[in-house]
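Presented below is the structure to which this report refers.
The values are calculated or read from the model by the stated rules, or taken from the named source; none is laboratory data. Keep in mind the model is a prediction, meaning the values are calculated, not measured. Counting neighbours? That spans all protein chains shown, and the Cβs are built from the backbone with ideal geometry, glycine included.
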Amino acid sequence: MQVREKITKETGKEPAIEEIAKELEVEPEEIAFSLDAIQDPVSLQEPAYNDGTDNIYVMDQVKDNKNTDELWAEKITIIEAMKKLNDKEKLIINKRFFDGRTQMEVADEIGISQAQVSRLEKSAIERIKRIWK
């Protein structure tokens, strides 16, 4: 904050993160993290906009498509189902569906044929479906 104030006084304008980082001889990311860390938290119940009749709150402006209740429940179910697979099935499912590899790539990586990968993948998916129901 002292360097920020010093640069502001010298130049008459708010310094860029890169300027502060250069002065302190640190990476710009460290400055960005530090500045974020000293910000006061904002309540989700705080009005973000008021048109005179209705308030729009911060929570109305924030949307999290990644962590919905449905996705959270599905993720837990998948994690629990994966625990029931054997090590080779887990490896194949992880490489195929979470790492985005083809059956041929998985076969080459773990040293089995593509047909075996296909058979083990199908078996694992069937087991997961049974567990999911």
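Below, the figures for the structure above:
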read-out	value
Only one of Lys66, Lys13 that is modelled with pLDDT under 90 and out of contact with any Cys (no Cβ under 7 Å at 6 or more places or on another chain)	Lys66
Meets criteria (outside any loop (DSSP other than H, G, I, E, B) and either surrounded by 10 or more Cβ atoms within 10 Å (Cβ to Cβ) or touching a helix residue (DSSP H, G or I) at 6+ places or on another chain (Cβ under 6 Å) (or both)) for Glu10	no
Given (1) touching a strand residue (DSSP E or B) at 6+ places or on another chain (Cβ under 6 Å); (2) assigned by TED's automatic domain parsing to the domain that holds Gln114, index of the condition Asn55 fails	(2)
Wholly enclosed helices (runs of 4 or more DSSP H) of the stretch 34-133 bearing at least 2 residues of a type outside the set (Gly, Ala, Ser) and surrounded by 14 or more Cβ atoms within 10 Å (Cβ to Cβ)	69-83, 87-93, 103-110, 114-132
